[in-house]
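Input: a single structure, listed below in structure tokens.
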Amino acid sequence: MVSDANCPCRVTPRLPWGGWLIAAAAAVSGLTAFNFARAVQDEPATEAADGQAGLQGILPEDVPRDLDFEAFSILGGNWEQWATETTEEVARLYIEIDQLDAAAQRQVLESLGRRLKQMETAIADARYRQIYDRLITLQGNLRRRVDLLLAVLDTLDLDANAVAARGAEMARPAVLDAVSSAQSWLAGYRNGPTWTRYFRLEEMAAALRDGAAAPPEAQQVLLEVHDRLKDLSRLSPEQQQFLDQPAIHRLQQALADYAAAVEAAQQPVDRQRIRELLSKLVAAVEDYEASSSDSAAAAAREAYRDLQSAAPDGGERISAALRTHYFNYNLKIVASEAFLGRLMHDQRTEAGPVSDYVMGASVYGNQYTWTTTGVNLKPNNDDAKFDITLRGTVNSNTVGVTRQATVQTVGNHNFQATKEVRFNGYNFTTGRSRISVDANNRTVGINVRHGWVPIIGWIAQGIARREVARRQPEAEAIARSRIAERVLPEMDREVDKALDQASTDIQEDLYVRLADTGLYPQATSVKTTDDYMWLNYRVWQGGELAGGALSHTRNQAGGVTMHVHESYLNNMFDRMNFAGRTMTETEVRQELESYFSTLMGRKVDFGADEPVSPDEGPDIFTFAERDPVRVEVEAGQVNLIIRAAFRQRNGEAIPQQVVTVPLMYRIEGDQIITERGSVIVAPAEQPPSAAEQIARAGVIRKKIESSIEPTLRSRTMTFKRENDEDFSVVINRVLPLNGWVTVWGQ
């Protein structure tokens, strides 16, 4: 039993379209919960122990190459003066950093932020269409640095005491809510007031109800109750069983969060450690910007993880910048409503006899039904939400026979049925179908018994016409009911069956292939607007980085748009297991064919190698242990970067080289043409003889240029569909820009 005198006594989801969209992108490509704070010693927020302020000692010594004068000079024309002024501001930040205190550094970054807005305005202006790609590239390069460096300054400026107070304040409403729930639950029991006193619920509510942070004495009450709730083993088994309820569990969790906030406020903050981690993070990000190397990505992820435990805000400011530019989705598929409608489109015509008994009449004849399926997207940010629609017309020609008369009727009934569908990227779920029917019956002939008898026949004919007119609303209501009874069960059955199969295909086929190739998404987001469905995927592993903000949001009106980030491509190449391997050209081709065959779920054949004579250059590769194949996406081109040593079967070995192959894409007629730019060959390490390196580079350049020649591929991508016609997508444009390869299809 408990010694406390107040302790109570014993108490009495045919439409597998979701999967192929992701597979199509693969073919084209070939935390945040708030962390409670750490308190800080009363020292200047932005000045380190060694006297460095703000970004001093954190920024690299030189201006990044993609932000220097040469990078901005490509704007030219009327932008020349603006570009010069912008590069001067950038240089001032990086080169003159030791002369700027933290406030001045922030002013420069804010000024660059205003220049970013000017660039965004120009990007949206058709008058600057000729330099659109250059503006987007520069805007992306600058935006990533400005956002990250502002986050660094914000982290250094944090008042840890204020952050800690914020943590406790954020926990306060949850405690109040949990206290109220516990009071309500206990009020239903005879000994409830005793338990209320034991857990001091009224004291806690009074301490926190005024909306201000709890004073020390009130804080002590909460912590004491937290300790009491944390260890209920002192109570009897019956009492423990009684308290094993959601309301008490909720109170335990709320007080645990509050106690964590208070404890965080008592922990010192190592500002020098934070500066070191921020410096490490910025250096790793700049290395990654320059090389896309996996070692730089791993270093950035490590620095970020350490910052989460060291920074007063748990790395919240840094996290916001990284989520936007380096932790973002790296595969985005945007399908328009019109495109999805075409994908799901189905037309049917059915004819059949009519045999029914309606309103005392035997009805027989024929009817014809035409139906068309479609899709109607609905705005939703949590998952994809849309209606599958079925529009139809029923034309009937019937004769109703009674003992008194025979009535010939022509029916023209229009209906629209809808069935709501939700898709979360993995499974489809459906609601019940609904239908509205516009029934329209037109009487075209009435024959009454004894209608041939003068006078009596005329009277009988008039009576029959009036009776048919009187009963028409009821007859049309019955027609609506008959159509609904026939359409709704069939629609529910067919759509549910098709979407169940689609969910199965995604889970047991597509995602299995993605897992087998290392491309299973670690994060998925699906949403819809009135016009588009967005499917966002992030593919990365523990030491990798992912996508950035989209260069643009132009999507194919009436079609489908696929945005593939270079991080997706690089992470994919890392899965291909080339690192450190020695392979012939044939073996490289076979490895690629095997990988993409697994990914696509069908045989992929890149064609047999042509015979190579010994004097046509090296044909054996020893790939680098790190970053053997990399992709960098610039304005208008994709740079394929190969790090490997080369050897000819009967010739000299060439030490590791870095080979950059620019690839450009254009549409011409029915073809997508891939063109190769000038191949650049550089040594991985500086050789003793420059002349010898020039000769080696020439040999490799000749080999690569002869191997990678312009290729032509059909603009039309055709996808097989079981029990249906093949579905084709025609590529309209391929645009590499600012880290993203965007493909528009119709």
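The values are calculated or read from the model by the stated rules, or taken from the named source; none is laboratory data. No experiment lies behind these values; they were computed from the predicted model shown. Glycine gets a Cβ as well: all are built from the backbone with ideal geometry, and neighbour counts include every protein chain shown. Areas reflect the complete protein model, heavy atoms only, side chains present, ligands, DNA and RNA absent. Shrake-Rupley method; radii C 1.70, N 1.55, O 1.52, S 1.80 Å.
Cβ-Cβ under 9 Å, sequence separation 6+ or interchain: first residue in region 299-314 and on the phi > 0 side of the Ramachandran plot, partner of a type in the set (S, T, N, Q) and assigned to a helix (DSSP H, G or I). Which pairs?
Cβ pairs passing all conditions: Gly314/Gln308.
Any residue that is more than 27 Å from Ser551 (Cβ to Cβ), in contact with a helix residue (DSSP H, G or I) (Cβ under 9 Å, 6 or more places away or on another chain) and part of a helix (DSSP H, G or I) - is there at least one of those in region 93-100?
yes
Looking at (1) buried (at least 23 other Cβ atoms within 10 Å of the Cβ); (2) modelled with pLDDT of 90 or more, which is the one condition that is false for Ser551?
(2)
Kindly list, by first and then second residue, each pair from a residue in region 390-419 that is over 19 Å from Ile478 (Cα atoms) and modelled with pLDDT under 90 to a residue that is part of a strand (DSSP E or B) and open to solvent by 30 Å² or more (accessible area, probe 1.4 Å), limited to pairs with Cβ atoms under 9 Å and residues at least 6 apart or on different chains.
Ala405/Asn447
Return the residue satisfying two criteria in turn: it lies in region 153-183 and is modelled with pLDDT of 85 or more and not hydrophobic (A, V, I, L, M, F, W, C), and of such residues it is surrounded by the most Cβ atoms within 10 Å (Cβ to Cβ).
Result: Thr155.
Residues that are at pLDDT below 85 and in a strand (DSSP E or B): does region 460-480 have at least one?
no
Please find, within region 106-119, the residue that is surrounded by the fewest Cβ atoms within 10 Å (Cβ to Cβ) out of those that are under 17 Å from Leu67 (Cα atoms) and not hydrophobic (A, V, I, L, M, F, W, C).
Arg114
Just one of (1) surrounded by fewer than 20 Cβ atoms within 10 Å (Cβ to Cβ); (2) out of contact with any helix residue (DSSP H, G or I) (no Cβ under 6 Å at 6 or more places or on another chain); (3) modelled with pLDDT under 85; (4) not basic (Lys, Arg) trips up Phe606, so point out which.
Result: Phe606 passes all but (2).
Taking region 404-441, which residues are closer than 30 Å to Lys332 by Cα, in a strand (DSSP E or B) and hydroxyl-bearing (Ser, Thr, Tyr)?
Within region 404-441, Thr418, Thr429, Thr430 meet the criteria.
Considering only region 617-628, I want to know if a residue exists there that is within 28 Å of Asp509 (Cβ to Cβ), touching a strand residue (DSSP E or B) at 6+ places or on another chain (Cβ under 6 Å), modelled with pLDDT of 90 or more and part of a loop (DSSP other than H, G, I, E, B).
There is no residue in region 617-628 that is within 28 Å of Asp509 (Cβ to Cβ), touching a strand residue (DSSP E or B) at 6+ places or on another chain (Cβ under 6 Å), modelled with pLDDT of 90 or more and part of a loop (DSSP other than H, G, I, E, B).
Of the residues that sit in region 516-532 and are of a type in the set (Ser, Thr, Tyr) and more than 19 Å from Gly374 (Cβ to Cβ), which one is least open to solvent (accessible area, probe 1.4 Å)?
Step by step, filter region 516-532, then rank; the result is Thr517.
What number of residues in region 56-83 are within 24 Å of Leu100 (Cα to Cα) and open to solvent by less than 100 Å² (accessible area, probe 1.4 Å)?
13
Which strands (runs of 3 or more DSSP E) does region 650-696 wholly contain that include 1 or more residues that are of a type in the set (Gly, Ala, Ser), touching a Lys or Arg at 6+ places or on another chain (Cβ under 6 Å) and open to solvent by 40 Å² or more (accessible area, probe 1.4 Å)?
So the answer is 653-668.
For residues that are acidic (Asp, Glu) and closer than 30 Å to Lys720 by Cβ, scanning just region 332-381, find the one that is modelled with the highest pLDDT.
Only one residue fits best here, namely Glu337.
Out of (1) modelled with pLDDT of 50 or more; (2) in contact with a Leu (Cβ under 9 Å, 6 or more places away or on another chain); (3) part of a loop (DSSP other than H, G, I, E, B), the odd one out for Gly51 is which?
Result: Gly51 fails condition (2) only.
Any residue in region 534-547 that is open to solvent by 10 Å² or more (accessible area, probe 1.4 Å), closer than 25 Å to Phe386 by Cα and assigned to a loop (DSSP other than H, G, I, E, B)?
Among the residues of region 534-547, not one is open to solvent by 10 Å² or more (accessible area, probe 1.4 Å), closer than 25 Å to Phe386 by Cα and assigned to a loop (DSSP other than H, G, I, E, B), which makes the answer no.
Can you work out which of the residues in region 483-515 that are among the small types (Gly, Ala, Ser) and open to solvent by less than 20 Å² (accessible area, probe 1.4 Å) is farthest from Met344 (Cα to Cα)?
My answer is Ser503.
So which residues in region 404-425 are more than 15 Å from Ala484 (Cα to Cα), open to solvent by less than 50 Å² (accessible area, probe 1.4 Å) and either in contact with a helix residue (DSSP H, G or I) (Cβ under 9 Å, 6 or more places away or on another chain) or polar (S, T, N, Q) (or both)?
Ala405, Thr406, Val407, Thr409, Gly411, Val421, Phe423, Gly425
Quick check, is Gln266 closer than 25 Å to Leu156 by Cβ, polar (S, T, N, Q), at pLDDT below 90 and open to solvent by 10 Å² or more (accessible area, probe 1.4 Å)?
Criteria met by Gln266.
Going by the structure shown, is Asn191 open to solvent by 10 Å² or more (accessible area, probe 1.4 Å) and modelled with pLDDT under 85?
No.
Output the qualifying pairs, or none if there are none: Cβ atoms under 6 angstrom, residues six or more apart or on different chains, first residue in region 352-367 and charged (D, E, K, R), second residue surrounded by 12 or more Cβ atoms within 10 Å (Cβ to Cβ) and in a strand (DSSP E or B).
Hits for this filter: Asp356/Val363.
What number of residues within region 226-260 satisfy the criterion of being more than 43 Å from the chain's Cα centre (by Cα) and either of a type in the set (Gly, Ala, Ser) or in a helix (DSSP H, G or I) (or both)?
So the count comes out to 9.
Would it be correct to say that Leu243 is hydrophobic (A, V, I, L, M, F, W, C), at pLDDT below 90 and open to solvent by less than 30 Å² (accessible area, probe 1.4 Å)?
yes
Which residue out of Leu281, Leu277 is in contact with an Asp or Glu (Cβ under 6 Å, 6 or more places away or on another chain), buried (at least 22 other Cβ atoms within 10 Å of the Cβ) and part of a helix (DSSP H, G or I)?
From the options Leu281, Leu277, the qualifying one is Leu277.
For residues in region 697-716 being modelled with pLDDT of 85 or more and not in a helix (DSSP H, G or I), which is farthest from Ile731 (Cα to Cα)?
Thr711
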